[in-house]
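J.: Here it is: the structure, laid out below.
Nothing in this text is a laboratory measurement; each read-out follows from the coordinates by a stated rule. Everything quoted here is computed from the prediction, not taken from an experiment. In this analysis, Cβ positions are derived from the backbone assuming ideal geometry, glycine residues included, and neighbour counts consider all displayed protein chains.
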Amino acid sequence: MGDTNVPIVEANPAARYDDGDESIASSTTSLTESIFDYRRLHGRPYQVSQTTEYWAPVDQTQNEAFDLLHNVHLMVSDDKLFLCPIGKNPAKVLDVGTGTGVWAVDFAHQYPSASVTGTDISAIQPTWVPPNAKFIIDDCLLQWTFPENHFDFIHLRALYGCVPDWQALYAKVFKHVKPGGWFEHVEREVKIESDHVKIPNDHVFNEWANLFYTGGERMGRSFAIAGGHWMKELMEHAGFVDIHEKKIKMPMHGWPKDANLRNAGFLAQLALDQSLDGFSTFLLTQVHGWDHEQAVAFTNKFRKESRKLSNYGWIWTTVVYGQKTL
């Protein structure tokens, strides 16, 4: 099943156009000797693991932006941490690629009887967490050490540009979720679109997206996972059933008429503005071979255009969930 008839988000006619410009606790983590060995690129730290060099920096500036996007996602999802019907008492929950751990912490607060585990290649999670949550430094692209048929719910979000073989990752999820358990995957697009303004092919929004698409192809780690129905097809191929797909428009900037969406747009714009340099530096300089000055100039061009309320911009968020048969 799918929710493909997505309405146009109504613009606010009263909007004014603005065209201006101690480390992680050992009791809850497992660390390798090299986990704090970062590569520095133009003054910012980037995580290097056995299987990948993550494309975004792992510093406070970028992490704060990711936490803002977590709140934006809640605002455009009726304040729901997930959409799948997991039941009232999930016992074991896994958050793959947990990042700052904000989703796992929120879930642990909401379900105090559940045991929540978050995994990531970077030790950027908080020290103080609910007693039913823990974080493990682990690479989801390597062999999983969890028992098979173990988790009631596995959650995965925002791993675009990180995974060389999505089908292999989905197969791991299927192996380790319990019969009757659920898997939910959430990804965002990288292209800003508009219902109210025609964006020409040579617009910086399209240039930006195409650089990410081609850069992902060069790395063998696609940034286009949220496009079309790819995630739904992956879930079907992995063997999940009762699959649902939902496409959500995340507004950029405060142009929507609806107050909640308008606030979400303001917050999304703030997160985008704060994270732009982190999003683009590695991809443009290390993958596309641009010099740093060229990358900064292009990023500033994109930033200036993204700040224009008059673009009525939004991006797709795709949510797909399915169940492992009993």
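J.: Over the stretch 23-323, what is the relative contact order in percent, taking alpha-carbon pairs closer than 8 angstrom and at least six residues apart?
T.: Result for the stretch 23-323 is 21 percent.
J.: As a check on your grasp of the helix formula, calculate [θ] at 222 nm for the chain: sum -39500 (n - 2.57) over DSSP H runs of n ≥ 4, divide by the residue count, round to the nearest 500. All intermediate terms of the calculation are to be shown ahead of the outcome.
T.: Working: 7 runs with 99 residues, N = 326.
Computed ellipticity for the chain at 222 nm equals -10000 deg cm²/dmol.
J.: Relative to the present Cα-Cα distance, how much length would full extension add between residue 88 and residue 195 at 0.36 nm per residue of separation?
T.: Result: 34.7 nm gained on full extension.
J.: To check my understanding: the extent here is largest minus smallest coordinate of the Cα atoms along each principal axis. What are those three numbers for the stretch 23-323, in Å, largest first?
T.: Projected onto its principal axes, the Cα set of the stretch 23-323 covers 49, 44, 36 Å.
J.: List the pair-distance distribution P(r) of the stretch 216-326, using every Cα-Cα distance, as the percent of pairs falling in each 10 Å bin from 0 up to the bin containing the longest distance, rounded to whole percents.
T.: Result returned by the calculation: 13, 29, 32, 21, 5, 0.
J.: List 174, 266, 153 from most exposed to least, where exposure is judged by having the fewest other Cβ atoms within 10 Å. The partial results should precede the final answer.
T.: On the way: 174 20, 266 17, 153 25.
In increasing order of surrounding Cβ atoms, one gets 266, 174, 153.
J.: I need 145, 299, 214 ordered by Cβ neighbour count within 10 Å, fewest first.
T.: Ordered by Cβ neighbours within 10 Å, fewest first: 145, 214, 299.
J.: How much of the DSSP bridge set in the stretch 36-118 is antiparallel, in percent, rounded to the nearest 5?
T.: Antiparallel bridges: around 60 percent, rounded to the nearest 5.
J.: Hey, could you pull the Cα Rg and Dmax for the stretch 136-293, both in Å?
T.: Calculated on Cα positions, Rg and Dmax stand at 18.0, 52 Å.
J.: To continue, here is another question. Just flag the trypsin sites (Lys or Arg not before Pro) in the stretch 52-96 sitting in loop per DSSP whose Cβ has no more than 15 other Cβ atoms within 10 Å.
T.: Here the trypsin sites (Lys or Arg not before Pro) that fit, given the DSSP loop and packing criteria, are 80, 88.
J.: Can you give the Kirkwood hydrodynamic radius of the stretch 64-156 from its Cα pairs, in Å with one decimal?
T.: Its Kirkwood hydrodynamic radius stands at 13.7 Å.
J.: Turning to a different aspect of this structure: Using the Cα atoms of the stretch 265-326, I'd like the radius of gyration and the largest Cα-Cα distance, Dmax, both in angstrom.
T.: In order Rg, Dmax, the Cα atoms of the stretch 265-326 give 16.4, 56 Å.
J.: Rank these for me by crowding, 219, 231, going from fewest to most other beta carbons within 10 Å.
T.: On the way: 219 19, 231 24.
The most exposed by this proxy come first: 219, 231.
J.: Just to be sure I understand the model, the point goes 7 Å from the Cα along the line to the Cβ. What's the resulting residue 214 to residue 48 distance in nm?
T.: Each label point lies 7 Å from its Cα, and together they span 2.7 nm.
J.: How far apart, in nm, are the 7 Å Cα→Cβ label points at residue 325 and residue 263?
T.: That separation, rounded to one decimal, is 4.4 nm.
J.: Restricting to the stretch 23-323, what percent of DSSP beta bridges are antiparallel, rounded to 5?
T.: 55
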